[in-house]
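Trainee: One structure, as C-alpha cells, below. Some questions next.
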Amino acid sequence: MKRPRGAGKKRAEAADRKTIRPLRLPRDRAFWRETLEAYWYLIPAFLVLGTFVFYPFFSAFKLSLFKWSSLNPPGDFIGFENYRYIFHDRFFWKDLGHTFYYVGITVPVTLTLAILVATLLNKGLRLLSFARTSFFLSYISPIVAMVMVWRWMYNVDYGLINYFLSLVGIDAIAWLNDPRYALPAVIILSVWHYVGYQAIILLAGMQSIEQQYYDAAKVDGASGFQTWWKVTVPLLSPQIFFVFIISLIGSFKVFTEVYVLFNGPGPLRSAETIVYYIIRSAGRIDNVGNHTGRAAAASVVLFGIIFLFTIIQLTVTQKRVHYD
Amino acid sequence: MLRKLMLVGLAAVLLFGMAAIAQEPVTIEFWHAMSSGHQPNLQKLVDDFHAAYPYITVTLVYQGNYGALQSKIDAAVVAKNLPAIAQVYENWVTPIASILYPIGNFMTDAEKADIIDGLVPSNTYNGVLTTVPFNKSIMVLYYNKSLVTTPPTTWAEYFEMSKALTVDVDGDGKIDRYGTAFRPAANPEQFLIFLEQAGGSILSADWKEVALNNDAGKAAAEFVGSLIPYSFITSEYMSDHMKDAAMFVDTSAGIAYNVKAATNAGFELGVATLPAGPANFDSMIQGTNVAVFNTENLTQAQKDAAVLLAKFLIRPENTVFWAEKSGYQPVVKSAYNTQEWLNWVAAHDYQVQMSEQMLNSFSQILHPNYGDMRSVLSTGFEEIMRGVVPPLEGLESMATEIEALLE
Amino acid sequence: MADPSRGQSLETTRTESYYVARRRAYKVFLYVLMFAGCAVMLLPFFWMLTTSFKTELEAMRMPPQWIPRTWLWENYPVALARAPFGRYFFNSFFVSILSTIGEVFTTILAAYAFAKMRFFGKNFLFALLLGTMMIPGEMLLVPNYVTLVRLNWFDHYEGLIIPWLASVFGIFLLRQFFRSLPDELWDSARIDGCRRFRYLWTVIVPLSKPAILTVALLKFLGSWNAFQWVLLMTNTQSMRTIPVGLLTFSSDIGTEYQLLMAASVVAIVPILILFFFTQKQFIQGVARTGIK
C-alpha cells in the first residue's frame, strides 16, 4: 500500500497507467441525471450545515459591521469600527500572542510525544491493549471533568504536581497564580489530553507499514535509530500531516481548558486566548460589557488566521508528504 | 328583613364574583441563578407567595450560573420572550432600562425608604426606583483571631498591622504569611472601597468627567500601593488560601466557606467592619436585584403578579428568612430590627459587624458602560497590585481608558 | 555452547549472551517506559477516583493521601442528590443516541455522493465542507440561538439534536473509506439493474461497518461530552445533560472537591462502559482516520 521514493516507483506508475481513468468525462445527460441524484444525497447533510453553520457564519460577518450588542441587534451600522477597536486593543494582541505561544508549543510537543509513544507501543510489547486504553482514556472523558481534576492537581499547597516536584527538590510553583506559569499549566494539561489520541492514530499508521521496508533497511545495514528516522517517520508522514492539521486548528480555538482551570483568564490575564477574548467581548463571561459586534470581528480575524495557516500547511506539506 | 339579607347576599356574591374574575389565574416565570444549595429556600419563599396569592403561579427557572443567566436574558431580549421577573445584575439591565417595569411605582414611600440607603442609587433609574435588591452581600474584614487580637479601625492601623504580620517563618527568604490579601482581577471592588473611603468616585456626579484620578483617587491608589509588599495576591478564593494571610477583605457571602477553611487550617476566624479611610468606612454591597420586565409578550396581569412577587421578596420577614438561609444580607432596614433577625445576630456574632457594615455602604453606579469600566478597573487594579505598573501610573491609565467609555 | 569446528569461537559466545542480555535489558527498559507513560496518563483518573471517596479534609491533605482512610461511599448519593442526575442521564442518552443515528444517516448519504458520484459543483461543495472545519463555533452561537428560538426548538430536544445531525468530520472519514472500495462493485451491480440507492444500503454499507461504527462512536462520544451548546440552548433543568450537571457543583464560592470528583466519575462511567465493549472498534476506527 505504501511505497517510499525510489526505484520501484517508476515501475508502479507504468502499471497504474493501464488502469487509470481518463481525466475528464463528457458532461452528457447521464452526468446531469447523476448530479440531480447526488444532490438528493447531499440535501440532508447540507440542510443542517446550511442552517446551523453557513447561515450563522455569514451572519457573523454581518454582525461584525454593526454595533451589535446581544441586547440590541443589529444596532447601528458602523462599518469597520469594530475592527479598528480590536486592532487598537492591547489585549487583542496580547491574547493573539498567548494563543500563538500556546499553539507553538502544544502542537509540536504533543506531536513529538505522540510519535515517541506510538514508536514505543509499536515495539510489540505485551499488554498493548492496556497501554492503548490508558493513553486513549484522557481523550474520551468529558473535558470539564478532566480540567477539574487538574485544577486540583495544580493546587500550590495540596496539589500532586507540586508534591512530585518537591520529591525532586523543586520548590512549589504557583501554577494557577503566577503569570509566568499559567499558560504552561494549560499547555501541560493539553498535551496530556491529546497525546493519546494522536498516538493511536500514528500507531495505526505505523502498524500498516509493510515489513518489507524494514527488511530492506536491515539489509542496507541501518541502525535502529536510522531505520526509525529514514523509514518509519517518512512513511508515517500522511498520518503526521493529518494529526498536525487537526491539532493546529483545534489548538487555535482553545478556551474551555483556560476558563475551567482558572475560573477566569488566569493571573494578569496571562492565559487569555483569542477565543476567550471573543467570548468575553460578547459579554458571556467575567461580568463585563456586551459587545457582540466586536466579538464577531475578532472571530472573523481568528477564522482568517486559521484559514491562512491551513492553506500554508496544505501547500508546504504537499511536497513533503509521501502518498502513493 | 329578608330583603336586606338578600341585598347583603347579593353584594357579597357580587364582591366575591368580582374578586374571582379579577383574580384570574396567572403564571409567571422567575429566572434565577441560585445554585442547588439555595434552591430549596427560594422554593419555600415561592410556596409562601403562592399561599398568599393563590391565583398566581410562579415557575422558578434555574438558568445556570450568572453568566448563563445573563446570556439567556440577553437572548430573550432579542427574541422578545423575557420572563416577567428575573434576578439581574445592574449591568445587565442598564442598557435596556427602557423595558424595565418600575416596581417603585407600586410601593409606598415608607416601603421605598425602608430599602438600605446604600442600595437605593443602584436601583434607581431616571429618578424612579425601578428594581429592588434581592441577594446582597457586603465586603467585610476577615481576620485570623490567633494573629489579630483587635482588628484595625483606620487605614493607618491596617497598614501597620499588615506590615507587622508579614513574616518569613522559616527564614528561607520567602514570605510564608502576608499581613493581608487581595483578589484584584476577580474583585476590583476591593479598590473601589478604598476609593469611596477616601471620598472619591469613578465619575463626577453628572457622569461627564472621570473623577478616578482626582486627589481622592490618588490617595486610594497610593494606599493600596503601600500594601503591596504585605499582600498576598491571587485570583482564587481566599478559602483555599487561609494560611497565606492574616487578614483580608472578602464578601460576607463567603462566611461559611471561610469559617470552614479557617477551622481546617486550625484557627478561629473573626469578622470586623472595614477600617476607616479619610472620609468614611463604607463598604461595597454586591449582588443581584430583581427586575420586572415590561415587554409585549407579557400581559398586564403577569406584570402585576411579578411586582407583587418582588415586593413580597423584600418584606422584612422574607428578606430575613432568605438571609438566614443563604448567607446574604437582609435588604431593608426594618428587617434588622425584627426579633427574628435580632435572635439570629445573637446566635451568630459575626452578623453584628456585617449588619453594621450594611448600614454604611454603597453600591455600583448605573452607567450603561459600567461593565466595561469594571473590566478596566479589574485589569488595572491587578496590574498595580502585581507590581507591573506603579500605583499612580496605573491609576492614570485606568482613568484614560474609562474616559474613552464615557460617550 | 561454542563449537570451534563450526567456526564459533569462545569469544563469539560471550558476545552472543552479551547481546541477549542487552536486548533483555532494553526490553525491560521499554516496559518501564511504557508503564511510566501509562502511569502518567492514568494518574489523574486514579486521583479522581480515590478523592471521590475521601472526606473534605482528606482531600486537602498534603502530602497527598493516596488511599482514603475511610471509604465514603456516601459521597456519591450526596453528590448525585444535588442535581437531578437521573434526568440528566436520560437526556444525555436520548440526545446522544438520536444524534448519532441521524448523523450516521446523513453522513452515509453525503459521503457516498462525494466518494463515488460525479456531479456539478462537486469540488466546490467539498471545499465548502473543508472550510467549515476552520470556523470557530463561537462565531455561530448567537445567530444559532435566534434561529432556535424562531423555530421554537430552544429548550426542546430538537434544539439539542437537529443542529448536530451533520458532521463534516464524519463525511470526510466515510468518504475516505468509501473511496477505498472498488468501483467494479457498482459497475457490476448497475449492469444487474440495481438502483444506486439500494446499492448503497445493501452493498456499500455492510462493507463499511467498521468505518460507520467509528463515525457513530465518535458522534456518540462528542454528543455525550458536549456542554457549551447544551448550557446555552436550554433553560430548564429538565432538559440538561450530564456535563452541564457537573457545572452546578462549581458554585460561586468555593467547591467541595470530593463531591465534584464523585460526580465527575459518574459522568465518565457510561463512556467508559461503552468504550470497554467497543474498544477494538473505537481505537481502530479512530486510528484509521489517519490512513488514506
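Coordinate-derived values only; no laboratory data. All values reported here derive from a predicted model rather than from experimental measurement. FYI the Cβ positions are ideal-geometry reconstructions off the backbone, even for glycines, and counts take in every protein chain you see.
Trainee: Over chain C, with a Gaussian network built from C-alpha contacts below 10 Å, which listed residue (C:ALA263, C:ALA110, C:ALA21) shows the highest mean-square fluctuation?
Mentor: Of C:ALA263, C:ALA110, C:ALA21, the Gaussian network model singles out C:ALA21 as fluctuating most.
Trainee: For the protein assembly as shown, give the share of DSSP beta bridges that are antiparallel, in percent and rounded to the nearest 5; count only bridges with both residues there.
Mentor: Antiparallel: roughly 65 percent of the beta bridges in the protein assembly as shown.
Trainee: If you don't mind, another one. How much length, in nm to one decimal, is gained on full extension between C:PHE29 and C:ASN123, taken as 0.36 nm per residue of separation minus their Cα-Cα distance?
Mentor: Answer, rounded to one decimal: 28.8 nm.
Trainee: What are the ³J(HN,Hα) couplings of the stretch A:129-141, residue after residue, when phi is run through the Karplus curve with 6.51, -1.76, 1.60 and θ = phi - 60°? Round to Hz, x for glycine and proline.
Mentor: Ordered by residue, 3J(HN,Hα) equals 4, 4, 5, 4, 4, 4, 6, 7, 3, 5, 6, 8, 7 Hz.
Trainee: Other chains' Cβ within 10 Å of A:265-274 residues: what's the mean?
Mentor: 3
Trainee: The stretch B:191-234: which GluC sites (Glu not before Pro) are DSSP loop and have at most 13 other beta-carbon atoms within 10 angstrom?
Mentor: Loop-located and lightly packed - B:GLU209.
Trainee: Are any of the pairs A:LYS67/B:LYS80; A:LYS67/B:LYS136; B:LYS145/B:LYS218 more than 21 Å apart by Cα-Cα distance, and if so, which?
Mentor: Pairs exceeding 21 Å: A:LYS67/B:LYS136; B:LYS145/B:LYS218.
Trainee: Rounded, prolate or oblate, given the Cα gyration tensor of the stretch A:171-229, with a/c below 1.5 counting as rounded?
Mentor: It comes out prolate by the Cα gyration axes.
Trainee: Residue-wise, which Karplus ³J(HN,Hα) couplings in Hz belong to the stretch A:290-302, taking 6.51 cos²θ - 1.76 cosθ + 1.60, θ = phi - 60°, and x for glycine or proline?
Mentor: 10, 9, 4, x, 5, 4, 5, 4, 4, 6, 5, 4, 4
Trainee: Given points 7 Å out from each Cα along the Cα-Cβ axis, report the B:ALA97 to C:PHE105 separation in nanometres with one decimal.
Mentor: According to this spin-label approximation, the distance is 5.3 nm.
Trainee: Among the aspartates and glutamates, select those whose C-alpha is under 15 Å from the C-alpha of B:LYS303, and discard any that sit fewer than 8 residues away in the same chain.
Mentor: B:GLU24, B:GLU29
Trainee: Follow-up question, since we're still on this one. Which of A:TRP192, A:ALA297, A:ALA204 sits closest to the plus end of the dipole of the stretch A:175-324, meaning its Cα is farthest towards the positive end, when Lys and Arg get +1 and Asp and Glu get -1 on the C-beta?
Mentor: Positive-end residue among those listed: A:ALA297.
Trainee: Related question: List the chymotrypsin sites (Phe, Trp or Tyr not before Pro) within the stretch C:115-197 that DSSP assigns to loop and that have no more than 15 neighbouring Cβ atoms inside 10 Å.
Mentor: Qualifying residues, ordered by number: C:PHE120.
Trainee: Which residue, chosen from A:GLY75, A:THR106, A:LEU120, occupies the Cα position most advanced towards the positive end of the dipole of the stretch A:59-124, where the dipole is computed from +1 (Lys, Arg) and -1 (Asp, Glu) charges on Cβ about the Cα centre?
Mentor: Final value for the positive-end residue is A:LEU120.
Trainee: Just how far, in whole angstrom, is the stretch B:304-342 from the stretch B:134-180 if you go by their alpha carbon centroids?
Mentor: For the stretch B:134-180 versus the stretch B:304-342, the Cα centre distance is 33 Å.
Trainee: Among C:ILE162, C:SER92, C:ALA110, flag the residue with its Cα farthest along the positive direction of the charge dipole of the stretch C:67-206, charges on Cβ as +1 for Lys/Arg and -1 for Asp/Glu.
Mentor: Of the options given, the answer is C:ALA110.
Trainee: If you don't mind, another one. What is the dipole size for the protein assembly as shown, taken about its Cα centre, with +1 at each Lys and Arg Cβ and -1 at each Asp and Glu Cβ, in debye to the nearest 20?
Mentor: In debye, rounded to 20, the protein assembly as shown gives about 6280.
Trainee: Using a Förster distance of 56 Å, how high is the FRET efficiency between C:PHE94 and C:TYR18, based on the Cβ-Cβ distance and rounded to 0.05?
Mentor: 0.30
Trainee: Among C:SER264, C:SER238, C:SER52, determine the one that fluctuates most according to a GNM of chain C built with springs between C-alpha atoms less than 10 Å apart.
Mentor: C:SER238
Trainee: So which residue, out of B:PRO40, B:PRO102, B:PRO184, gets the largest mean-square fluctuation from a GNM of chain B using Cα contacts under 10 Å as springs?
Mentor: B:PRO40
Trainee: While we're on this one: What dipole magnitude, in Debye to the nearest 20, does the stretch C:146-250 give about its Cα centre under +1 on Lys/Arg Cβ and -1 on Asp/Glu Cβ?
Mentor: 60
Trainee: Next up: Rounded to the nearest 5, what is the percent of antiparallel bridges among the DSSP beta bridges in chain B?
Mentor: Just about 60 percent of them are antiparallel.
Trainee: Related question: Once amide H atoms are placed 1.01 Å from N in the peptide plane, what residues at a sequence separation of 5 or more from B:GLU209, or on another chain, have their amide H within under 5 Å of its amide H?
Mentor: Those qualifying (amide H under 5 Å, at least 5 residues apart or on another chain) are B:SER204.
Trainee: Whose amide H sits under 5 Å from the amide H of B:LEU60, counting only residues 5 or more places off or on another chain, with H placed in the peptide plane?
Mentor: B:PHE30
Trainee: What size of dipole, in debye to the nearest 20, comes out for the stretch A:175-277 about its Cα centre when the only charges are +1 on Lys and Arg C-beta atoms and -1 on Asp and Glu C-beta atoms?
Mentor: In total the dipole reaches around 180 debye.
Trainee: Something else now. HN-Hα J couplings of the stretch B:307-320 from phi, Karplus 6.51/-1.76/1.60, θ = phi - 60°, integer Hz, Gly and Pro as x?
Mentor: With coefficients 6.51, -1.76 and 1.60, one gets 4, 4, 5, 4, 5, 4, 5, 9, 4, x, 5, 6, 5, 5 Hz.
Trainee: What nm distance separates the two modelled labels at B:ASP206 and B:LEU60, each placed 7 Å from Cα along Cα→Cβ?
Mentor: Placing both labels 7 Å along Cα→Cβ, they lie 4.7 nm apart.
Trainee: At A:TRP93 and B:GLN300, where each label point lies 7 Å from the Cα along Cα→Cβ, what is the point-to-point distance in nanometres?
Mentor: 5.9
Trainee: When the Cα centres of the stretch C:149-197 and the stretch A:95-150 are compared, how far apart do they sit, in Å?
Mentor: 30
Trainee: Which chymotrypsin sites (Phe, Trp or Tyr not before Pro) in the stretch B:45-131 pass both tests, a DSSP loop state and at most 12 other beta-carbon atoms within 10 Å?
Mentor: Listed in order of number, the matching sites amount to none.
Trainee: Next up: Run the numbers on the stretch B:65-166 and let me know its relative contact order in percent, using alpha-carbon pairs under 8 Å that are six or more apart.
Mentor: So the answer I get is 19 percent.
Trainee: For B:VAL132, enumerate residues with amide H under 5 Å from its amide H, sequence gap 5+ or separate chain, H modeled in the peptide plane.
Mentor: Answer set, sorted by chain and number: B:VAL290.
Trainee: Same structure again: First check a/c for chain B, with a ≥ b ≥ c the square roots of the eigenvalues of its C-alpha gyration tensor; if it is under 1.5, answer rounded, and if not, answer prolate when a/b is larger than b/c or oblate otherwise.
Mentor: Prolate shape, in that a/c is at least 1.5 and a/b is the bigger ratio.
Trainee: Hey, with R₀ at 30 Å, roughly what FRET efficiency would A:LEU128 and A:LEU314 work out to, going by the Cβ-Cβ distance, to 0.05?
Mentor: Once rounded, the FRET efficiency stands at 0.35.
Trainee: Using alpha-carbon positions, what is the distance between the centroids of the stretch A:151-184 and the stretch B:214-280, in Å?
Mentor: Cα centroid of the stretch A:151-184 versus Cα centroid of the stretch B:214-280: 24 Å apart.
Trainee: Calculated from DSSP H runs of 4 or more alone, at -39500 (n - 2.57) each and per residue, what is the 222 nm mean residue ellipticity of the protein assembly as shown, nearest 500?
Mentor: -18000 deg cm²/dmol
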